[in-house]
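The values are calculated or read from the model by the stated rules, or taken from the named source; none is laboratory data. All values derive from a computational prediction rather than experimental measurement. Using ideal geometry, Cβ is built from the backbone for each residue, glycine included, and neighbour counts are taken over all protein chains shown. Accessible surface areas use protein heavy atoms only, side chains included; no ligands, DNA or RNA. Shrake-Rupley method; radii C 1.70, N 1.55, O 1.52, S 1.80 Å.
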Amino acid sequence: RPLTTFMGLAEVARISVKDNMAIELFDKVSETAHNLDSMLAKLQAVSQIASTELVAREISFDMELDFTMDQYRESIQENKIKIERQVKIQRPLLSYPSLVRIILENLVENSITFSSVENPSVHISVEQEENQVKIKVEDNGEGIKEEFRNRMFEMYFRANERSRGNGLGLYLVKKATEKLNGQIQYSPGPSQGSVFIVTIPY
(Lines give C-alpha, C1' and ligand atoms only; values in the text may rest on other atoms or scores of the structure.)
Protein backbone atom coordinates (compact mmCIF):
# COMPACT_ATOMS: atom_id res chain seq x y z
CA ARG A 1 0.00 0.00 0.00
CA PRO A 2 2.72 2.60 0.82
CA LEU A 3 4.43 1.91 -2.50
CA THR A 4 1.15 2.27 -4.40
CA THR A 5 0.54 5.61 -2.66
CA PHE A 6 4.08 6.70 -3.48
CA MET A 7 3.59 5.89 -7.20
CA GLY A 8 0.29 7.75 -7.22
CA LEU A 9 1.80 10.87 -5.63
CA ALA A 10 4.70 10.79 -8.09
CA GLU A 11 2.24 10.62 -10.99
CA VAL A 12 0.15 13.52 -9.64
CA ALA A 13 3.30 15.59 -9.14
CA ARG A 14 4.54 14.78 -12.64
CA ILE A 15 1.25 15.99 -14.12
CA SER A 16 0.95 19.09 -11.90
CA VAL A 17 4.52 20.43 -12.08
CA LYS A 18 5.44 22.60 -15.06
CA ASP A 19 9.23 22.71 -14.73
CA ASN A 20 10.84 20.39 -17.28
CA MET A 21 13.69 19.36 -14.96
CA ALA A 22 11.24 18.49 -12.20
CA ILE A 23 9.08 16.49 -14.63
CA GLU A 24 12.14 14.51 -15.71
CA LEU A 25 13.00 13.78 -12.08
CA PHE A 26 9.46 12.64 -11.30
CA ASP A 27 9.61 10.35 -14.35
CA LYS A 28 12.75 8.76 -12.85
CA VAL A 29 11.07 8.47 -9.45
CA SER A 30 8.04 6.79 -11.04
CA GLU A 31 10.22 4.37 -13.03
CA THR A 32 12.17 3.41 -9.91
CA ALA A 33 8.96 2.87 -7.94
CA HIS A 34 7.50 0.65 -10.67
CA ASN A 35 10.72 -1.39 -10.75
CA LEU A 36 10.48 -1.87 -6.99
CA ASP A 37 6.82 -2.83 -7.32
CA SER A 38 7.75 -5.43 -9.95
CA MET A 39 10.47 -6.87 -7.72
CA LEU A 40 8.11 -7.11 -4.73
CA ALA A 41 5.57 -8.94 -6.92
CA LYS A 42 8.24 -11.45 -7.96
CA LEU A 43 9.38 -11.95 -4.38
CA GLN A 44 5.75 -12.57 -3.48
CA ALA A 45 5.73 -15.21 -6.23
CA VAL A 46 8.73 -16.88 -4.53
CA SER A 47 6.56 -17.13 -1.43
CA GLN A 48 3.68 -18.56 -3.46
CA ILE A 49 5.89 -21.29 -4.86
CA ALA A 50 6.98 -22.28 -1.36
CA SER A 51 3.40 -22.28 -0.06
CA THR A 52 1.84 -25.53 1.09
CA GLU A 53 -1.68 -24.10 0.71
CA LEU A 54 -1.90 -24.31 -3.08
CA VAL A 55 -5.29 -25.31 -4.47
CA ALA A 56 -5.42 -27.45 -7.62
CA ARG A 57 -8.03 -26.97 -10.31
CA GLU A 58 -8.45 -27.50 -14.03
CA ILE A 59 -6.21 -25.16 -16.01
CA SER A 60 -7.59 -23.12 -18.91
CA PHE A 61 -4.48 -22.22 -20.88
CA ASP A 62 -6.46 -19.89 -23.15
CA MET A 63 -7.61 -17.90 -20.13
CA GLU A 64 -4.14 -17.87 -18.59
CA LEU A 65 -2.62 -16.62 -21.84
CA ASP A 66 -5.32 -13.93 -22.14
CA PHE A 67 -4.41 -12.75 -18.64
CA THR A 68 -0.70 -12.77 -19.45
CA MET A 69 -1.20 -10.81 -22.68
CA ASP A 70 -3.20 -8.18 -20.78
CA GLN A 71 -0.32 -7.83 -18.32
CA TYR A 72 2.11 -6.93 -21.11
CA ARG A 73 -0.22 -5.37 -23.67
CA GLU A 74 1.38 -1.93 -23.35
CA SER A 75 4.90 -3.25 -24.01
CA ILE A 76 3.65 -5.41 -26.89
CA GLN A 77 1.95 -2.46 -28.59
CA GLU A 78 4.73 0.02 -27.88
CA ASN A 79 7.40 -2.26 -29.38
CA LYS A 80 5.10 -3.58 -32.16
CA ILE A 81 5.78 -7.18 -31.22
CA LYS A 82 4.00 -9.82 -33.27
CA ILE A 83 2.47 -12.38 -30.94
CA GLU A 84 1.50 -15.84 -32.15
CA ARG A 85 -0.19 -18.29 -29.79
CA GLN A 86 -1.58 -21.77 -30.14
CA VAL A 87 -3.26 -24.07 -27.63
CA LYS A 88 -3.88 -27.73 -28.44
CA ILE A 89 -5.11 -29.53 -25.34
CA GLN A 90 -7.52 -32.45 -25.55
CA ARG A 91 -7.22 -33.66 -21.98
CA PRO A 92 -7.62 -31.00 -19.25
CA LEU A 93 -4.67 -30.51 -16.89
CA LEU A 94 -5.44 -30.50 -13.17
CA SER A 95 -2.73 -28.36 -11.59
CA TYR A 96 -1.99 -25.20 -9.60
CA PRO A 97 -3.08 -22.07 -11.52
CA SER A 98 -0.81 -19.71 -9.57
CA LEU A 99 2.29 -21.73 -10.51
CA VAL A 100 1.27 -22.11 -14.16
CA ARG A 101 0.66 -18.34 -14.30
CA ILE A 102 4.12 -17.65 -12.85
CA ILE A 103 5.66 -19.80 -15.59
CA LEU A 104 3.71 -18.17 -18.43
CA GLU A 105 4.10 -14.59 -17.22
CA ASN A 106 7.84 -14.77 -16.69
CA LEU A 107 8.62 -16.63 -19.92
CA VAL A 108 6.52 -14.17 -21.92
CA GLU A 109 8.01 -11.16 -20.12
CA ASN A 110 11.51 -12.47 -20.85
CA SER A 111 10.73 -12.95 -24.55
CA ILE A 112 9.15 -9.49 -24.84
CA THR A 113 12.13 -7.86 -23.13
CA PHE A 114 14.71 -9.51 -25.36
CA SER A 115 12.81 -9.78 -28.65
CA SER A 116 14.45 -8.39 -31.77
CA VAL A 117 14.52 -4.64 -32.38
CA GLU A 118 13.53 -5.25 -36.00
CA ASN A 119 10.33 -7.20 -36.67
CA PRO A 120 10.11 -8.55 -33.11
CA SER A 121 8.02 -11.67 -32.63
CA VAL A 122 7.09 -14.07 -29.85
CA HIS A 123 5.52 -17.47 -30.46
CA ILE A 124 3.74 -19.29 -27.63
CA SER A 125 2.38 -22.81 -27.93
CA VAL A 126 0.79 -25.20 -25.45
CA GLU A 127 0.38 -28.79 -26.58
CA GLN A 128 -0.48 -32.13 -25.08
CA GLU A 129 2.16 -34.80 -25.59
CA GLU A 130 1.22 -38.21 -24.16
CA ASN A 131 1.22 -37.78 -20.37
CA GLN A 132 2.47 -34.23 -20.24
CA VAL A 133 1.73 -30.68 -21.36
CA LYS A 134 4.47 -28.85 -23.25
CA ILE A 135 4.67 -25.06 -23.01
CA LYS A 136 6.98 -23.52 -25.61
CA VAL A 137 7.91 -19.82 -25.75
CA GLU A 138 10.15 -18.68 -28.59
CA ASP A 139 11.43 -15.21 -29.55
CA ASN A 140 13.67 -13.83 -32.29
CA GLY A 141 15.94 -11.76 -30.03
CA GLU A 142 19.66 -12.08 -29.41
CA GLY A 143 19.43 -15.19 -27.25
CA ILE A 144 21.60 -16.08 -24.27
CA LYS A 145 25.34 -16.37 -24.69
CA GLU A 146 26.70 -19.87 -24.16
CA GLU A 147 28.95 -18.84 -21.27
CA PHE A 148 25.91 -17.65 -19.27
CA ARG A 149 23.57 -20.59 -19.88
CA ASN A 150 24.64 -22.58 -16.84
CA ARG A 151 23.71 -19.60 -14.63
CA MET A 152 20.55 -18.32 -16.29
CA PHE A 153 18.26 -19.82 -13.65
CA GLU A 154 20.16 -18.43 -10.68
CA MET A 155 18.42 -15.97 -8.37
CA TYR A 156 19.22 -12.31 -9.28
CA PHE A 157 21.46 -13.32 -12.20
CA ARG A 158 21.24 -11.09 -15.28
CA ALA A 159 23.09 -12.18 -18.39
CA ASN A 160 22.26 -9.24 -20.61
CA GLU A 161 22.99 -5.50 -20.37
CA ARG A 162 19.56 -4.80 -21.93
CA SER A 163 17.89 -6.27 -18.87
CA ARG A 164 16.12 -3.78 -16.63
CA GLY A 165 14.67 -6.56 -14.54
CA ASN A 166 15.77 -7.93 -11.22
CA GLY A 167 17.12 -11.32 -12.26
CA LEU A 168 14.18 -13.22 -10.77
CA GLY A 169 12.12 -14.16 -13.84
CA LEU A 170 13.84 -17.35 -15.00
CA TYR A 171 14.57 -18.32 -11.39
CA LEU A 172 10.81 -18.23 -10.71
CA VAL A 173 10.07 -20.25 -13.85
CA LYS A 174 12.49 -22.98 -12.78
CA LYS A 175 11.23 -23.11 -9.19
CA ALA A 176 7.55 -23.21 -10.25
CA THR A 177 8.34 -25.93 -12.81
CA GLU A 178 10.13 -28.02 -10.20
CA LYS A 179 7.18 -27.60 -7.83
CA LEU A 180 4.97 -29.12 -10.53
CA ASN A 181 7.45 -32.01 -11.01
CA GLY A 182 8.15 -30.67 -14.49
CA GLN A 183 11.26 -29.85 -16.49
CA ILE A 184 12.55 -26.76 -18.27
CA GLN A 185 14.90 -26.67 -21.25
CA TYR A 186 16.60 -23.85 -23.12
CA SER A 187 17.94 -23.87 -26.66
CA PRO A 188 18.96 -21.14 -29.09
CA GLY A 189 16.44 -20.42 -31.87
CA PRO A 190 16.90 -21.78 -35.40
CA SER A 191 18.49 -18.53 -36.58
CA GLN A 192 18.61 -16.39 -33.44
CA GLY A 193 16.68 -15.82 -30.26
CA SER A 194 15.68 -18.15 -27.44
CA VAL A 195 13.44 -21.18 -27.11
CA PHE A 196 12.20 -22.20 -23.66
CA ILE A 197 10.26 -25.43 -23.24
CA VAL A 198 8.51 -26.34 -19.99
CA THR A 199 6.92 -29.76 -19.62
CA ILE A 200 4.35 -30.44 -16.89
CA PRO A 201 3.23 -34.02 -16.23
CA TYR A 202 -0.45 -34.93 -15.85
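What to note about this one:
- Think of segment 95-202 as a dipole: +1 on every Lys or Arg Cβ, -1 on every Asp or Glu Cβ, centred on the Cα centre; then among Ser121, Leu107, Tyr156, Tyr156 lies furthest on the positive end.
- Inter-label distance, Glu130 to Lys88: 1.7 nm, where each label sits 7 Å from its Cα along the C-beta direction.
- Stretching Leu43 away from Ala56 to a fully extended chain increases their span by 2.5 nm, per 0.36 nm per residue minus the current alpha-carbon distance.
- Here Tyr202 sits with roughly 70 square angstrom of accessible surface, probe radius 1.4 Å.
- A DSSP coil position with no more than 10 other Cβ atoms inside 10 Å describes the following GluC sites (Glu not before Pro) in segment 41-79: Glu53.
- In this structure segment 56-111 gives 58 Å² per residue of accessible area when probed at 1.4 Å with all protein chains present.
- Three-way shape label, segment 30-111, alpha-carbon gyration tensor, a/c 1.5: oblate
- Stretching the chain fully between Phe157 and Glu11 yields a gain of 49.5 nm (0.36 nm per residue, less the alpha carbon separation).
- Carbon and sulfur %, accessible surface of the chain computed with the full protein complex present, 1.4 Å: 48 percent
- Degrees separating the helix 20-50 axis from the principal Cα axis of the chain, which is the longest one: 30 degrees
- If you plug the beta carbon distance of Glu147 and Arg73 into 1/(1 + (r/R0)^6) with R0 = 30 Å, you get a FRET efficiency near 0.30.
- When the alpha carbon gyration tensor of the chain is reduced to an equivalent ellipsoid, its three semi-axes come out at 31, 21, 17 angstrom, largest first.
- Cβ-defined net charge surrounding Phe153, 13 Å radius [Lys, Arg +1; Asp, Glu -1]: +3
- With contacts taken as Cα pairs under 8 Å at a separation of at least 6 residues, segment 114-202 carries a relative contact order of 33 percent.
- Based on Cα contacts under 8 Å between residues 6+ apart, segment 50-202 shows a relative contact order of 23 percent.
- Solvent-accessible surface (1.4 angstrom probe) belonging to Met69, in square angstrom, nearest 10: 20 Å²
- Semi-axes of the equivalent ellipsoid of segment 1-42 are 21, 11, 5 Å, computed as sqrt(5λ) over the eigenvalues of the C-alpha gyration tensor in descending order.
- Magnitude of the charge dipole, the chain, Cβ model with Lys/Arg +1 and Asp/Glu -1, debye to 20: 320 debye
- Take every DSSP beta bridge whose two residues both sit in the chain; close to 75 percent of them are antiparallel.
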